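Colleague: Sharing a structure below in structure tokens format, with a few things to ask.
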Amino acid sequence: MSGLTLKTFTYMFLVTFLIWSSNFECCIARRGNHWRQTKTFSSSLFKKRAKSYNGNTHNKNHHNGGSNSKPKSPPLSPKSPPPHKNVPSSPPISKPKYSPPPKSYNGMHSTFFNVLDYGAKGDGNTDDTKAFEATWAATCKVEASTMIVPANYTFFVGPISFSGPYCKPNIVFQLDGTIIAPTNPSAWSGVTLQWLEFSKLEGIVIQGNGVIDGRGSIWWQDFPYDNPIDDEEKLIVPLNHTHKPPMPVQNEMGRKMPSNKPTALRFYGSYGPTVTGITIQNSPQCHLKFDSCNRVLVHDVIISSPGDSPNTDGIHLQNSKDVLIYSSKLACGDDCISIQTGCSNVYVHNVDCGPGHGISIGSLGKDNTRACVSNITVRDVNIHNSMNGVRIKTWQGGSGSVQGVLFSNIQVTEVQLPIVIDQFYCDKRTCTNHTSAVSLEGINYERIKGTYTTFGELKTPTVPPIACLQIGKPTNNRIQTDHDIC
């Protein structure tokens, strides 16, 4: 009995051992097969995910490799592009031509009023003044609305005032077309000192790719000498010691314009006016003027008129505070930027000036008046082919002060008088001597470099004396080094 039991036990043990060995080998085989398929599985999974990403389909079974498989990256989806792949950035912002929205479209931020919907023709001949006035009257009633002057049209517009004592704030004047001024003297009857005027507005914005064309040549031809010439011509002695007065522009039109030449675009008594993107050209007199305004912003603006166009200041500031002007190109026949009495906290940078008469503070104190200017910074500016670089000009007999002025990093090229402080400013009239004057305090110049084209002349000694002021042409007409700066 015991022998039989031992045989039975031995037999069962052998069977059990064989079965266990077979299972062990199969397990090893299955595990080996699984490991070998891991790479293939990942590759096929990536292909499936790529198909899912490209084809907008989804495969939910991404982790069928078993508990011992290596963790995989999360599945790709259209919301997350493949890793380590350069994703193109957004294209740079450009200035596309404006496409007018539907009539009276009430968008998220603005209601639009198009001048074409109010009768404007935009053919360059029809008088569109009434249509502009009607469009403004409608725009003025809606806060943050937009008045549209569309592209690909030329609008003939006479003198017009966009006034706003009762207008809603934050109105946008979207200028993408061209506005031209009349050249018929009858259109300027009466005393007209401005062509386009925006007055007593809050948050007004003039923007776009459009053009304001004052067609000023007819005014320049009729009155080449009606206003005083720049008094700094008295300081200029040409290199060849000859002096020729400017040649008058001949009147080829045979007509007479009014004696008061208008400013092209003026802002008066406004808070937060902004001008950006537009071009103002050929103004009869000043191109862009801010009078009694606060928080003024001007950037990416082009101002253009010939260098011999009389009294055509680029940007004129008067009684205005907290002014920022940058990234603009100014070419005109007078001061690129003129800073007058009552201005404070003015910052000008990255501006190209020329031709013109440079960037000026003044003239101040005319007719025994009091003038106050403070905290003016002009830096990182290029001035070229200009009469002056940076200057301060005051009349005899005035009072008040100019305080806290910095001219920094100014590049001058072919400029006649790079630095001017003239406290005996006088136009072509005869001026009498006075003992009082506008005082100057805290005037700083740094890194004024470049070339000039004429001899300078020191008319009177400075108080206190400035040792580095010299008369005459430098030994070589080249950009000076920091060592040569006063």
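The values are calculated or read from the model by the stated rules, or taken from the named source; none is laboratory data. In this text the structure is predicted, and so the values were computed from the model without any measurement. Don't worry about glycine lacking a Cβ; one is built from the backbone with ideal geometry, like all the others, and counts go over all protein chains shown. Ligands, DNA and RNA are excluded from the accessible area calculation, which covers all protein heavy atoms including side chains. Shrake-Rupley method; radii C 1.70, N 1.55, O 1.52, S 1.80 Å.
Colleague: Using a Förster radius of 35 Å, what is the FRET efficiency between N294 and N209 based on their Cβ-Cβ separation? Nearest 0.05, please.
Modeller: 0.80
Colleague: Sticking with the crude label model, points 7 Å out along Cα→Cβ, report the distance from D123 to L324 in nm, one decimal please.
Modeller: Between D123 and L324, the label points sit 4.5 nm apart.
Colleague: Here is a follow-up. What whole number of Å gives the distance from the Cα centroid of segment 335-357 to the Cα centroid of segment 408-422?
Modeller: What the calculation gives is 13 Å, centre to centre.
Colleague: Where does segment 331-439 land on Rg/Rh, using Cα atoms and the Kirkwood Rh?
Modeller: 0.98
Colleague: Take the cross-link list K261/K289; K121/K329; K261/K329; K121/K261 and give me the ones stretching past 21 Å between alpha-carbons.
Modeller: As for pairs spanning more than 21 Å Cα to Cα, those are K121/K329; K261/K329; K121/K261.
Colleague: Okay, next question. Net charge within 13 Å of N294 by Cβ-Cβ distance, Lys/Arg positive one each and Asp/Glu negative one each, not counting N294 itself?
Modeller: Within the 13 Å Cβ shell, the charges total 0.
Colleague: Sticking with this structure for a sec: Quick one: what are the phi-derived ³J(HN,Hα) couplings along segment 138-152, Karplus 6.51/-1.76/1.60 with θ = phi - 60°, whole Hz, x for glycine and proline?
Modeller: Using θ = phi - 60°, the values come out as 6, 5, 4, 7, 10, 5, 6, 8, 10, 9, 9, 10, x, 5, 6 Hz.
Colleague: Report the extension gain between S259 and E446 in nm, rounded to one decimal, defined as 0.36 nm multiplied by the number of residues separating them, less their alpha carbon distance.
Modeller: Fully extending the segment from S259 to E446 adds 63.2 nm.
Colleague: With every protein chain present, what accessible area does D367 have (1.4 Å probe, heavy atoms only), rounded to the nearest 10 Å²?
Modeller: 110 Å²
Colleague: Moving on. Roughly to the nearest percent, how much of the accessible area of segment 366-418 is carbon and sulfur, given a 1.4 Å probe?
Modeller: 41 percent
Colleague: So which trypsin sites (Lys or Arg not before Pro) in segment 260-339 are both in a DSSP loop and have at most 16 other Cβ atoms within 10 Å of their Cβ?
Modeller: Passing sites in segment 260-339 do not exist.
Colleague: Further, regarding this structure: If amide hydrogens are placed 1.01 Å from N in the peptide plane, which non-local residues have theirs closer than 5 Å to the one on S199?
Modeller: Amide H to amide H, under 5 Å and 5 or more residues apart or across chains, S199 pairs with F162, S163, G164, Y268.
Colleague: What's the FRET efficiency of D380 with A144 using the Cβ-Cβ distance as r and R₀ = 35 Å, to the nearest 0.05?
Modeller: Rounded to the nearest 0.05, the efficiency is 0.55.
Colleague: Using only the Cα atoms, what convex hull volume per residue in Å³ does segment 153-223 have?
Modeller: 107 Å³
Colleague: Sticking with this structure for a sec: Per residue, how large is the accessible surface of segment 278-374? Use a 1.4 angstrom probe and give square angstrom.
Modeller: 30 Å²
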